[in-house]
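Written below as structure tokens is the structure these notes are about.
The values are calculated or read from the model by the stated rules, or taken from the named source; none is laboratory data. Only a predicted model underlies this, so the values are computations on that prediction, with no experimental measurement involved. For neighbour counting, all protein chains shown are included, and Cβ atoms are generated from backbone atoms with ideal geometry for every residue, glycine included. Ligands, DNA and RNA are excluded from the accessible area calculation, which covers all protein heavy atoms including side chains. Shrake-Rupley method; radii C 1.70, N 1.55, O 1.52, S 1.80 Å.
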Amino acid sequence: MLNRASGQIPTLATKHSGVPVRLAQEAVEVKAALYASKTVAESTPKTKTALPPGVTQDAFDKAILELKHSLGSENVELNDKPLVDGWYIEYPEETRTILTT
């Protein structure tokens, strides 16, 4: 598994989500310090869907089905994946793949 705390951080010269070149070294140091002081696991499984106040699970499920019908199932995604704690100045690897393809 890749050590997410290590490695270079892209700069604005190479990626729209990078850091300014003049702050690149500082960003590497801050990222390393952030990971060195972590107190939680990198990934935390979700236990249930967080619903808006006053919305029941049945009403939410019905609304999702209506969206899938209107927009197509491939265009509606519930974020039921584990929450990933970490460095959010860069896009997560999975997002980078999606954005560049």
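Annotation note: Cβ proximity below 8 Å between a residue of segment 14-32 that is open to solvent by 60 Å² or more (accessible area, probe 1.4 Å) and a residue that is part of a loop (DSSP other than H, G, I, E, B) (sequence gap 6+ or interchain) occurs for Val21/Leu12; Val21/Ala13.
Within segment 72-83, residues that are farther than 17 Å from Lys62 by Cβ sit with their Cβ atoms under 8 Å from residues that are of a type in the set (Lys, Arg) and assigned to a loop (DSSP other than H, G, I, E, B), at 6+ positions apart or across chains, in these pairs: Asp80/Lys46; Lys81/Lys46; Pro82/Lys46; Leu83/Lys46.
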